[in-house]
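Trainee: Quick one: this structure, given as structure tokens, is what I'll be asking you about.
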Amino acid sequence: MINQSKKRVLECLELFASLGNIRSRTQFGGFSLSADSAMFGLVSDGELYLRANDDNEAHFCRKKMERLIYRKRGMDVHLRYFKVSHDQWSDPQILLRLAKVALKGMRREIESKKNSEALRLKDLPNLTLALERMLWQVGIENSGDLRMQGARKAYLKLCAVKKKNLGIHLLMALEGAILGFHEAALPMASRELLTQWFNHQQDQYPLTMH
């Protein structure tokens with residue numbers, strides 16, 4: 001499957017060249033597709049999936065495109081990626097139009113995030129009202145504050161207030177909130193780095209982290 005995915009990525013780089021500077025890197029066990037840093041697609045198991053958001057998810061649903069489902073500990077996590085069918089892939093014009101819809105949505109989302117740095121914490125992925133109140137206690141009042149602090153520093157502040165280790169899932173949730181991902185769908189590279197950091201904290205501060 002990995003060779004099929006790499007072949008599909010090369011085809012995508014050529015097909016979508018007109019959309020901008022197309023780049024690919026490993027993500028979710030597959031390969032992401034970005035145009036000028038805006039990620040709009042994913043190649044997994046040799047198939048192309050286009051990324052959706054609030055603006056265009058209904059459009060992909062109307063096209064009866066299959067949603068990508070990620071299995072986490074026996075549970076299905078429905079991701080906002082929609083599979084390009086064989087017929088859609090076979091028609092370059094249709095495919096390019098669909099990719100443009102996905103890319104336009106992601107660019108608008110990026111711009112919206114830039115213009116809403118003061119977004120309430122509870123409106124971010126993974127964050128509840130209770131967690132928002134906990135973050136207020138450590139001086140993190142909005143999404144801009146959280147991004148400035150970063151997941152690791154915010155996590156340590158919360159642990160200091162609660163005087164205990166709050167668990168790696170909270171750390172992942174904070175990172176996901178910053179990056180815009182459901183905790184279970186956090187990119188593997190981010191997950192591995194955070195796990196290493198978390199384990200190091202446990203080794204360095206066993207009394208406070210256990």
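Trainee: Could you tell me how many of the residues in the stretch 133-184 are part of a loop (DSSP other than H, G, I, E, B), at pLDDT 90 or above and in contact with a helix residue (DSSP H, G or I) (Cβ under 6 Å, 6 or more places away or on another chain)?
Mentor: Number of matching residues: 2.
Trainee: A follow-up question, please. Filter the stretch 52-95 down to the residues that are without any contact (Cβ under 8 Å) to a residue 60 or more places away in the chain, open to solvent by less than 30 Å² (accessible area, probe 1.4 Å) and under 21 Å from L19 (Cα atoms) and list them by number.
Mentor: Within the stretch 52-95, A52, N53, N56, F60, Y81, F82, V84, Q88 meet the criteria.
Trainee: Output yes when any residue across the stretch 54-67 is touching a helix residue (DSSP H, G or I) at 6+ places or on another chain (Cβ under 6 Å) and charged (D, E, K, R), and no when none is.
Mentor: yes
Trainee: Within the bounds of the stretch 32-42, is there any residue that is out of contact with any helix residue (DSSP H, G or I) (no Cβ under 9 Å at 6 or more places or on another chain), among the aromatic types (F, W, Y) and either open to solvent by less than 10 Å² (accessible area, probe 1.4 Å) or in contact (Cβ under 8 Å) with a residue 24 or more places away in the chain (or both)?
Mentor: Within the stretch 32-42, not a single residue is out of contact with any helix residue (DSSP H, G or I) (no Cβ under 9 Å at 6 or more places or on another chain), among the aromatic types (F, W, Y) and either open to solvent by less than 10 Å² (accessible area, probe 1.4 Å) or in contact (Cβ under 8 Å) with a residue 24 or more places away in the chain (or both).
Trainee: Given the conditions (1) closer than 18 Å to L179 by Cβ; (2) in contact with a strand residue (DSSP E or B) (Cβ under 6 Å, 6 or more places away or on another chain); (3) open to solvent by 30 Å² or more (accessible area, probe 1.4 Å); (4) not charged (D, E, K, R), and given that S24 satisfies all but one, which numbered condition is not satisfied?
Mentor: It is condition (1) that S24 fails.
Trainee: Moving on. Among the residues of the stretch 55-62, is there at least one that is under 20 Å from M188 (Cβ atoms) and out of contact with any Cys (no Cβ under 8 Å at 6 or more places or on another chain)?
Mentor: Looking through the stretch 55-62, none of the residues is under 20 Å from M188 (Cβ atoms) and out of contact with any Cys (no Cβ under 8 Å at 6 or more places or on another chain).
The values are calculated or read from the model by the stated rules, or taken from the named source; none is laboratory data. The shown structure was predicted, so the numbers you read here are calculated from the model rather than taken from an experiment. Note that we place each Cβ from the backbone using ideal geometry, even for glycine, and neighbour counts take in every protein chain shown. When the accessible area is computed, the model is the full protein with side chains, heavy atoms only, and any ligands, DNA or RNA have been set aside. Shrake-Rupley method; radii C 1.70, N 1.55, O 1.52, S 1.80 Å.
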